[in-house]
2 protein chains.
Amino acid sequence: MKKLINAPEDVLRDSLIGVEAAHPELRVDHVNRIVYRGTPKADGKVALVSGGGSGHEPLHGGFVGLGMLDAACAGEVFTSPTPDQMQEATKVVDRGAGVLHIVKNYTGDVMNFEMAGELASAESGVEVATVVTNDDVAVQDSTWTAGRRGVGVTVLLEKIVGAAAEEGRDLASVLALANRVNESGRSMGMALTSCTVPAAGKPTFELPDDQMEIGIGIHGEPGRHRVPLAPAASIAEQLVEPILADLDFTGAPAIVMLNGMGGSPLIELYLMYGEVARLLEKAGVTVARRLVGNYITSLDMAGCSVTVLRADDEILGLWDAPVSTPGLRWGI
Amino acid sequence: MKKLINAPEDVLRDSLIGVEAAHPELRVDHVNRIVYRGTPKADGKVALVSGGGSGHEPLHGGFVGLGMLDAACAGEVFTSPTPDQMQEATKVVDRGAGVLHIVKNYTGDVMNFEMAGELASAESGVEVATVVTNDDVAVQDSTWTAGRRGVGVTVLLEKIVGAAAEEGRDLASVLALANRVNESGRSMGMALTSCTVPAAGKPTFELPDDQMEIGIGIHGEPGRHRVPLAPAASIAEQLVEPILADLDFTGAPAIVMLNGMGGSPLIELYLMYGEVARLLEKAGVTVARRLVGNYITSLDMAGCSVTVLRADDEILGLWDAPVSTPGLRWGI
């Protein structure tokens, strides 16, 4: 295992030290492993809390800041944060208007966020609502998931719903929007290589030199099938077709993300985006906004995922609203 | 070779198609392989043109836009663009105030930009000035370089000098600033793995599982030495010490970049930044601004580089000025 780390058991701790040093505009609670905005937000603003296992950076800590999250809880690599962490984050960010938990659909995350919400509500009187993202069309159930996995739409949802919360919308309205965004998005990913979890010290799975995994999960969970390595144009088809088969994306503007899994260079991600854009155009999908880069990753896995979100004028307006986080920044 | 590409010989062409599709705010000349700003700039503004071999994305095409470059010429992977490309870019962006060529110190780039400048001057009367970056402290000469290689400072220079040009400074003043920024910055990089050039189809060099290369070049050129794999804290020392030994960074604010080589995930880059920040603080260097992520890459190479720039109030002001490019965006 070749990694830029000290001891495998210290990766999360050491990385959060770096996040704090790199971003004076954020605050890091090293005991509870929570990243907060440095500037407290206004009273009456609904707060957004997300979190999950580490190894998907910039998700979630890199999306804390004006216009996105108020706090992110970091679990160990590919391991859910604990209810304690989530409860603490929820209490700290509440400004009396309630807190939205944004949870990717993995059994541990869902269970722990549910418990944290109940505790924060019972012990501190915080009103908590929850959206569970489940946009991955690849598989119905998976290693750590009942139902579809939550993947790329989580990034877009945090941006869009973050802007709505910033506008001062109330918790019910923010929750309704969050559910609508989740239901309007679909994703599909693929891997050329496995990732290597530091604590494991070896690749999560073996993938022969002439094969790739279509429908991979962001923790290296099995996808739909292994197929022979193919040109980018064919890979794009294998990702886009299942997305378009699952939801009608015509007749509305779409937000598209071509996401890198962490180990694929940007020159390849742009190349893939070109292929994806061509297919979407051919299918009559009007792309209104796009994002190309590493946004929800799987450590050092080589590969990519495609997310398509059926938007409308309201969602595009929220997308364009100012955002200032380590991972996404514009308009400010 | 596992890559998200079609044919190896089409990587650059296909990737530029993706850049154009992903960034409607940019223009791509596919014949000459030049990325331009979509919004023509004001008459009288000095124009900035850079370029080099592809495979270092987001450098340079990802730094075209308000507050940075006016155009970037893309060569084949790790291969200098031709004088024709550079001449064309120079002619197109000139608004009568002259053009600054920003050239990383590699023999091919330097020679071709020199020829392009002479041709643009002779044939179109464009006033051209040139800054050659040479900030890599690792080695004196290298595979493709007489003198030090130009690496990470190029990113910082394009941002800082781009802001100065945006302010309306004249060519002589922009050139003087560019030289001052180059002289004030130092970099050092390392690799855990080789990269694989698509046309070659195999890793550029072999690096045993228990070794790393300190002082690596951005094309996989040999560095100072191969040493046993070490913890991040030790890697940071091996990068920071030669930088601090080469220039005094105390008594002034510093801009620091922890750059990923393309194949290292963000969690590791933040971890490395934490180690670097600790060493700089210990050495009495005051870090005023920082950048962590993939900015000047080497395809899929795992590894990182550190760049430290000795700044002042003027440079910090230019650093903070609005910028809107695919790779760097703030204040707008």
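The values are calculated or read from the model by the stated rules, or taken from the named source; none is laboratory data. The model shown is predicted, which means the values in this text are computed figures rather than measured ones. Because the Cβ atoms are built from the backbone with ideal geometry, glycine has one as well, and the counts that use them run over all protein chains shown. Accessible surface is based on the protein model in full, side chains and every heavy atom, while ligands, DNA and RNA are left aside. Shrake-Rupley method; radii C 1.70, N 1.55, O 1.52, S 1.80 Å.
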Between residue B:209 and residue A:200, with labels modelled 7 Å along Cα→Cβ, what's the label distance in nm to one decimal, could you check? 1.6 nm
Within the stretch B:33-70, which trypsin sites (Lys or Arg not before Pro) sit in a loop by DSSP and count at most 15 neighbouring Cβ atoms inside 10 Å? none
So, over other residues within a Cβ distance under 15 Å of residue A:44, counting Lys, Arg +1 and Asp, Glu -1, the net charge is -3
Selection of GluC sites (Glu not before Pro), the stretch A:158-248, meeting DSSP coil and at most 12 other Cβ within 10 Å: A:206
Suppose each label sits 7 Å from its Cα in the direction of the beta carbon; what would the residue A:312-residue A:121 distance come out to in nanometres? 2.8 nm
Which translational diffusion coefficient, to the nearest whole µm²/s, is obtained for the protein assembly as shown from the Stokes-Einstein equation, given a Kirkwood hydrodynamic radius over C-alpha pairs, 4 °C and 1.567 mPa s? 52 µm²/s
Equivalent ellipsoid, the stretch A:247-332 (semi-axes from 5 times Cα gyration tensor eigenvalues, Å): 22, 19, 10
Any idea what the dipole of the stretch B:1-77 comes to, in debye rounded to 20, about its Cα centre with Lys/Arg Cβ at +1 and Asp/Glu Cβ at -1? 120 debye
With unit charges on the beta carbons (Lys and Arg positive, Asp and Glu negative) and the dipole taken about the Cα centre of chain B, which residue among B:110, B:8, B:147 sits farthest to the positive side? B:8
Find how many whole Å separate the alpha carbon centroid of the stretch B:290-311 from the alpha carbon centroid of the stretch A:28-46. 29 Å
With +1 on the Cβ of every Lys and Arg and -1 on the Cβ of every Asp and Glu, the dipole magnitude of chain B about its Cα centre, in debye rounded to the nearest 20, is 440 debye
Quick one: Debye curve from the alpha-carbon atoms of chain A only, equal weights, vacuum; give me log10 I(q)/I(0) at q = 0.06, 0.15, 0.16 Å⁻¹ to two decimals. -0.19, -1.24, -1.40
Shape box of the stretch B:186-330 [Cα atoms, principal axes, largest first, Å]: 46, 34, 25
Would you mind calculating the relative contact order of chain A from Cα pairs under 8 angstrom and at least 6 residues apart, reporting the percent as a whole number? 18 percent
With the 1.4 Å probe rolled over protein heavy atoms, the protein assembly as shown has an accessible area per residue in Å² of 33 Å²
List for the stretch A:48-85: residues with 50 Å² or greater reduction in accessible area, all protein chains versus chain alone, probe 1.4 Å? A:57
Selected from A:256, A:216, A:200, residue furthest toward positive end of dipole (the stretch A:189-273; charges at beta carbon): A:200
If we count every other residue with Cβ under 10 angstrom of residue B:253's Cβ, Lys/Arg +1 and Asp/Glu -1, where does the sum land? 0
Using alpha carbon centroids, what distance separates the stretch B:93-147 and the stretch A:222-277, in Å? 38 Å
For a paramagnetic label modelled at 7 Å from the Cα of residue A:39 toward its Cβ, which residues of the stretch A:307-330 fall within the zone defined by backbone nitrogen distances under 20 Å? A:318-330
Classify the stretch A:9-183 as rounded, prolate or oblate, taking a ≥ b ≥ c as the square roots of the eigenvalues of its Cα gyration tensor: rounded when a/c is under 1.5, otherwise prolate if a/b is larger than b/c and oblate if not. rounded
With every protein chain kept in the model, how would you rank A:313, B:84 by accessible area, 1.4 Å probe, largest at the top? A:313, B:84
Along Cα→Cβ at 7 Å, what distances in nm separate the residue A:39 label point from those on the other copies, shortest first? 2.3
So, with a 1.4 angstrom probe, what is the percent of accessible area on the protein assembly as shown that is carbon and sulfur? 51 percent
For the stretch B:222-332, size of Cβ-based charge dipole, Lys and Arg +1, Asp and Glu -1, in debye: 240 debye
Ordered by number, the GluC sites (Glu not before Pro) in the stretch B:42-133 that occupy a DSSP loop and have at most 10 other Cβ atoms within 10 Å are none
Taking each label point as 7 Å beyond Cα in the direction of the beta carbon, state the distances from residue A:8 to the same residue in the other copies, shortest first, in nm. 3.4
Pick out, from A:53, A:93, A:38, the residue whose Cα sits farthest towards the positive end of the charge dipole of the stretch A:1-147, with +1 on the Cβ of Lys and Arg and -1 on the Cβ of Asp and Glu. A:38
Can you give the accessible area of residue A:330, probe radius 1.4 Å, in Å² rounded to 10? 30 Å²
Please work out the ratio of the alpha-carbon Rg of the stretch B:1-60 to 2.2 N^0.38 Å and round it to two decimals. 1.30
7 Å from Cα along Cα→Cβ at both residue A:286 and residue A:25: what's the point-to-point distance in nm? 3.3 nm
Over the stretch B:186-330, what is the relative contact order in percent, taking alpha-carbon pairs closer than 8 angstrom and at least six residues apart? 30 percent
Could you state how much accessible area is buried at the B-A interface, both sides summed, with a 1.4 Å probe, in Å² to the nearest 100? 4400 Å²
Take the eigenvalues of the Cα gyration tensor for the stretch A:102-175, scale each by 5, and report the square roots as semi-axes in whole Å, largest first. 24, 18, 7
Checking the cross-link filter: which lysines have an alpha carbon closer than 23 Å to that of residue A:91, excluding same-chain neighbours under 8 positions apart? A:41, A:45, A:104, A:159
Summed side-chain charge close to residue A:154 - residues other than residue A:154 whose Cβ falls under 15 Å, Lys, Arg +1, Asp, Glu -1: 0
